[in-house]
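Here's the structure we're looking at; comments come further down.
What follows draws every value from the coordinates through simple rules; no lab data is involved. Quick caveat, the model's predicted, so the values are computed rather than measured. Neighbour counts run over all protein chains shown; Cβ positions are idealised from the backbone, glycine included.
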Amino acid sequence: MLASRRLQVPPAFLVPPLDGIGGLRAVAGRAEERHTALHDTEQLDLTRWRARIEHDPAYGWRVELPPVGEVPGAIHRVAGGPTMPDTLAERLWCLTDGRPLRRLVQLDIRAEVTLLLDDTPEEPVVALADEEVSVSDDDRLLARFRELVLRPGSGATGDLLDVVEAALLDAGATRLASGPSRFTEVFGRRAAAPPEIPDADTEPVGRPMAWVVARRLQAVVHRLVLAESHLRIGDDLAALASWHDDLCRLRAELAVWEPWLGPAVRDLRAPLTSLIDAVAPVRELAEVERAIAAATLRDVPDGGRGELAAEIAAELRAGRQRVEELLTSADTADLLGRLRRLGIAPPVRTEAAEVDPREVVRTTAATGFATLVSDVAEADVDTTSTSREELVDRLIVLADVGQHLDGKPARRFVRRARRYRRGLARRRRHGAAIAWLHARGSRPDRSSASAFLAGRLAGVEERNLQEAQGRTRRAWDRWTTPKGQRWIAEEPDRR
């Protein structure tokens, strides 16, 4: 489900009229009073990662995870008494680094609720809770503040929440900062907590290579850890896809910046690639399911879908189980622990502090692009292979930095690189769907209706594959024009 959104407001803030916003009507709800226990580590790890876990005597455990990449923020509920289940603590290990969770403070919350309804008033689309939060430790009041909480209902969408949130921001509410939350302000800084991870897109102009390398590694590891938390808590296919993509992104970053990193980091490449290869089949199966579902909704009537749907659902369950076993293995735990430490303190070589990234990024990208052109000359433009995808990923990393250093030519280069990379991904996805459908449709125990449907869906995916091939070729043609290569072909004007 969509996560709640929290806004900070001053004590005298007046909630603006919300009737009619987003096509909804506003009605007053009942007042609420809740008493929950906030849990965290002594170092406030969950708080600093923007996660939150509370226990409510009436409803059990509530875990709130922040958004990351394409994965929206999410809320998960776990039944249980005031003693935290061991399994829940284990699933939060990636955010706590194994440090024990304990009851930290009592939250006494009094809220006035406004319900935003559509034409079906049985359940609000969005509930706005105007909360006064008192934070106490035993009988000692530590803080009191006011927050607005947008609670999405089953009919809510991200776009609708954006509209309601915008109205509140216009009235003077402010988003909570992306760094430490208000609880961090209450408790003060704890030395062992994870760092505040900046955005990798922060402009590196005037910064040395050491700064660029550290910043980018911190950002991608930050995304990786949050995606892992969604995967462990929610077992979500979108989280699996995000986690796999971030593993691939980290591999590309490590390959690009390897000359500027300590020797211990180079040892990460082999186990990281092994983990990516182990997760890839499940990620691919999820993509097959998505492709088949889209083709079915668009081109195929309802009849005969049950058998195929049940089969792919069973394979996905088995795949999720394999990922769960992988996450709990000692080798994976060791690797992920090393990656988390890499994100906290990247071991950048001291000589990188004297290197200007302007002198390195563009020339390295030119060499990599020449290698890619040679690879394409030996095979079709739309041929998918792990080595080609890795190479394009590295070029995207370099151009992503280059667009801040060299402006428009590098921005054009990275846009066209990403378009070509998406084409390769589509080509791989449709090819996997065709292979799965042909393998399942030809089984002797398959019913005639199911075999017919598998063949028909394979035909739909063949057309989709041809379309993806055409898009990939056009993306390559645009990328290899003089204009598309201008960033690596000409010395940029950096005046």
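Using only DSSP helix segments of four residues or longer, with each worth -39500 (n - 2.57), what per-residue ellipticity at 222 nm results for the chain after dividing by its residue count and rounding to 500?
Computed ellipticity for the chain at 222 nm equals -18000 deg cm²/dmol.
Test of understanding: ordering 349, 140 by Cβ neighbours within 10 Å, fewest first, what list do you get?
140, 349
If neighbour count is taken as other Cβ atoms inside 10 Å, put 371, 120 in order from fewest to most. Before the final figure, lay out each step's value.
Numbers: 371 14, 120 9.
Neighbour counts put them in this order, fewest first: 120, 371.
Using only alpha carbon positions, build the gyration tensor of the stretch 209-489, then give the equivalent ellipsoid semi-axes as the square roots of 5 times its eigenvalues, largest first, whole angstrom.
Values: eigenvalues 273, 129, 35 Å².
Working through the eigenvalues yields semi-axes of 37, 25, 13 Å.
Alpha carbon centre of the stretch 91-134 versus the stretch 251-296: separation in Å?
Using only Cα atoms to place each centre, the spacing works out to 34 Å.
Each label point is 7 Å from the Cα along the Cα-to-Cβ direction; what then is the distance between the points at residue 106 and residue 154, in nm?
Going from the residue 106 label point to the residue 154 one covers 3.6 nm.
Roughly how many whole Å is it from the C-alpha centroid of the stretch 27-53 to that of the stretch 304-362?
29
Enumerate the helices in the chain for which the Kyte-Doolittle hydropathy averages -1.0 or more and the C-alpha atoms extend at least 27 Å along the helix's axis, using complete DSSP H runs.
On the way: long enough: 209-234 (38 Å, 0.63); 237-257 (30 Å, 0.45); 269-299 (43 Å, 0.33); 305-327 (33 Å, -0.30); 358-378 (31 Å, 0.34); 386-406 (29 Å, -0.05); 408-441 (49 Å, -1.24); 448-479 (46 Å, -0.86).
Span-like helices, by this rule, are 209-234, 237-257, 269-299, 305-327, 358-378, 386-406, 448-479.
Using the number of other C-beta atoms within 10 angstrom as an exposure proxy, rank 253, 311 with the fewest first.
Going from least to most buried by this count: 311, 253.
About the Cα centre of the stretch 5-187, what is the dipole size in debye to 20, counting +1 per Lys and Arg Cβ and -1 per Asp and Glu Cβ, all else neutral?
380
Round to the nearest 0.05 the FRET efficiency obtained for residue 143 and residue 389 when R0 = 60 Å and r is the Cβ-Cβ distance.
Once the sixth-power term is evaluated, E becomes 0.75.
Between residue 466 and residue 363, take the C-beta separation as r, use R0 = 41 Å, and let me know the FRET efficiency to the nearest 0.05. Provide the component values of the computation, followed by the final result.
Details: r = 38 Å, r/R0 = 0.92.
Between residue 466 and residue 363 the formula returns 0.60.
Treating only the Cβ of Lys, Arg, Asp and Glu as charged (+1, +1, -1, -1), what charge dipole size does the chain show about its Cα centre? Round to the nearest 20 debye.
Approximately 1440 debye in magnitude.
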